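Student: First the structure, then my questions, so here it is.
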Amino acid sequence: MTFPVIGVVGGGQLARMMAPAAVALGFELHVLAEGPDVCAVAAVAHAPIGDYGDLDVLRRFAADVDVLTFDHEHVPSGHLRTLIAEGVNVQPRPEALIHAQDKLVMRAAIERLGLPNPRWSAVASVPDVVAFGDLHGWPVVLKMPRGGYDGKGVKVLDDAGAAATAADWFTAMSPLLVEAKVDFSRELAALVARTPDGEARAWPVVQSVQVDGVCDEVIAPAPDLPPVVEGAAEEAALRIATELGVTGVMAVELFETPGQGQGFLINELAMRPHNSGHWTMDGSVTSQFEQHLRAVLNLPLGATGILGDVVVMKNFLGGANTDLFGAYPAALAAGPAVKVHSYGKSVRPGRKLGHVNVVSRPGESVAAVRAQAATVATIIRDGAASGPTQTSESTQTSDSTQKGLR
């Protein structure tokens with residue numbers, strides 16, 4: 001009996017975390033890596049080095065796989081269409097993927113579907129931005145439609161004078177996307193998966209806490225989320241996946257807006273496993289990584305139930321400690337129930353190096369679970385048992401508004 005070979009374009013932490021799920025199911029995972037030091041290389045047996053922007057490189061890589069999928073959204077759509085015309089099974093297909101590659105395309109699609117969007121416009125100059133801000137109110141958020149993540153390619157402009165500082169952006173890319181800055185209570189994410197045959201499943205809607213534009217923490221399910229808002233958010237995510245023909249895992253980032261419309265606005269889309277779904281590795285019946293592999297192979301999807309009353313994911317970024325393993329004795333002793341996932345990256349300040357997951361025990365409070373996760377993540381980051389970091393929503397900085405998660 002032969003098992004399928006899955007090719008992943010991109011050698012980052014998402015590809016790395018697909019590997020255990022592939023091994024468990026008996027699949028062979030190939031990764032097209034950007035270089036010999038990217039973190040997925042150590043996790044798979046077959047990881048050729050190549051430029052995903054080179055069509056011939058993609059052709060050679062795809063020749064040995066049964067399905068081609070992605071660690072990121074940056075592969076040129078034209079290349080993917082060519083591969084499909086040549087018989088390659090690409091999942092998700094470029095017609096869907098473009099909505100994660102181009103924020104202007106995404107905004108237009110959300111509007112066409114009648115789902116809740118912030119006020120937005122395509123703009124080709126600083127005067128266009130000023131006109132939008134004067135019409136809809138300041139501040140506004142200016143985004144590069146392509147290439148941004150973790151707060152990159154996003155600029156908050158407080159007034160018409162600040163808009164002038166974005167002039168060089170229009171030289172680099174035009175048109176850009178401008179949005180009204182959303183007055184939101186917290187950020188949410190709705191994670192779903194869909195197969196080519198149309199089977200779809202959703203995980204519970206989660207709360208994500210952003211610090212300096214980077215995902216810091218995820219709480220599943222989102223505490224005290226009104227059931228009507230949760231249901232509407234899940235329905236919106238499933239509808240987007242269906243209407244856009246998404247295959248694999250998709251994350252819909254949301255702003256919670258109590259008392260307005262359906263109680264949320266759609267921020268951005270990601271058509272791949274996502275930081276807001278890392279909690280599923282230990283806290284769901286089926287992890288997002290296993291589900292993504294099932295989905296792109298058009299296999300029946302797994303159950304998405306949560307394994308505790310609450311699950312918390314906490315990222316750890318590069319900090320004072322350069323010897324992550326040296327911190328493990330203290331970190332693991334401080335949190336015997338905490339699961340650590342390290343991405344095998346060299347330490348650099350602010351670089352996303354890994355995450356920890358904690359599943360609640362019976363009767364355990366959300367605050368207690370958050371504290372466990374924060375304690376262990378802090379020890380790994382700093383190399384000392386300095387105690388839990390602050391985990392309240394007050395850590396959500398104002399400039400994290402409308403920034404993407406990875």
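Student: Restricting to the chain, compute how many DSSP beta bridges are antiparallel as a %, nearest 5. Present the calculation step by step, with values, prior to reporting the outcome.
Tutor: Details: 54 of 67 bridges.
The antiparallel proportion sits near 80 percent.
Student: Which of the peptides 352-363, 224-235 is most tightly packed, and how do the rest follow, judged by the mean count of other Cβ atoms within 10 Å per residue? Mind showing how you got there, number by number?
Tutor: Working: 352-363: 19.6, 224-235: 15.2.
My ranking of the peptides, most packed first, is 352-363, 224-235.
Student: Considering Cα pairs under 8 angstrom that are at least six residues apart, work out the relative contact order of the chain and quote it in whole percent. Don't skip to the end; give the middle numbers.
Tutor: Numbers: 906 pairs, mean separation 59.5, N = 406.
Rounded, it is 15 percent for the chain.
Student: Which entry in (1) 29.0, 103; (2) 20.7, 66; (3) 22.4, 82 matches Rg and Dmax of the Cα atoms in Å derived from the coordinates of this structure?
Tutor: (2)
Student: Here are some pairs, 155/339; 103/339; 181/339; 181/352; which of them have Cα atoms lying more than 29 Å apart in this structure? Don't skip to the end; give the middle numbers.
Tutor: Working: 155/339 35 Å; 103/339 34 Å; 181/339 36 Å; 181/352 26 Å.
Over 29 Å Cα-Cα: 155/339; 103/339; 181/339.
Student: Right, another one. What list of ³J(HN,Hα) values in whole Hz, one per residue of the range 229-243 in order, does the Karplus curve 6.51 cos²θ - 1.76 cosθ + 1.60 (θ = phi - 60°) give from phi, with Gly and Pro shown as x?
Tutor: Couplings: 6, 4, x, 5, 5, 5, 4, 4, 5, 5, 5, 4, 4, 6, 5 Hz.
Student: Can you give the FRET efficiency to the nearest 0.05 for residue 3 and residue 260, using r as the Cβ-Cβ distance and R₀ = 35 Å?
Tutor: On the way: r = 49 Å, r/R0 = 1.39.
Calculated transfer efficiency: 0.10.
Student: Could I ask something else about it? Obtain the nm distance between the two label points defined at residue 84 and residue 105 by a simple spin-label model: each point lies 7 Å from its Cα along the Cα-to-C-beta direction.
Tutor: Spacing of the two 7 Å Cα→Cβ label points: 1.0 nm.
Student: Note the full-extension length gain between residue 74 and residue 164 as 0.36 nm times their separation in residues minus their Cα-Cα distance, in nm to one decimal.
Tutor: Value of the extension gain: 29.5 nm.
Student: Among 273-283, 14-24, how do they line up by average Cβ neighbours within 10 Å per residue, starting with the highest?
Tutor: Numbers: 273-283: 26.9, 14-24: 21.5.
Highest-to-lowest ranking by the protection proxy: 273-283, 14-24.
Student: How much length, in nm to one decimal, is gained on full extension between residue 366 and residue 45, taken as 0.36 nm per residue of separation minus their Cα-Cα distance?
Tutor: Gain on extension, residue 366 to residue 45, equals 111.6 nm.
Student: Which order, highest average first, do 63-74, 183-194 follow once you tally other Cβ atoms within 10 Å for each residue and take the mean per peptide?
Tutor: 183-194, 63-74
Student: Given the Cα-Cα distance of residue 25 and residue 122 and 0.36 nm per residue of separation, how much length would full extension add, in nm? Before the final figure, lay out each step's value.
Tutor: On the way: separation 97, 0.36 × 97 = 34.92 nm, distance 4.45 nm.
Here the answer is 30.5 nm.
Student: Once every DSSP H run of n ≥ 4 in the chain is given -39500 (n - 2.57) and the sum is divided by its residues, what mean residue ellipticity at 222 nm do you get, rounded to the nearest 500 deg cm²/dmol? Show your work: numbers first, answer last.
Tutor: Values: 13 runs with 123 residues, N = 406.
Calculated at 222 nm, the ellipticity per residue is -8500 deg cm²/dmol.
Student: Right, something else. Most fluctuating residue of 114, 344, 319 in a GNM of the chain with Cα springs under 10 Å: which is it?
Tutor: It is 114.
Student: Measuring from centroid to centroid over Cα atoms, what is the spacing of the range 250-300 and the range 77-112 in Å?
Tutor: First find each Cα centre; the distance between them is then 18 Å.
No lab work stands behind these numbers, since they all come straight from the coordinates. A quick note: this is a predicted structure, and the numbers were derived from the prediction, not measured. All Cβ positions, glycine included, derive from the backbone under ideal geometry; neighbour counts span all protein chains shown.
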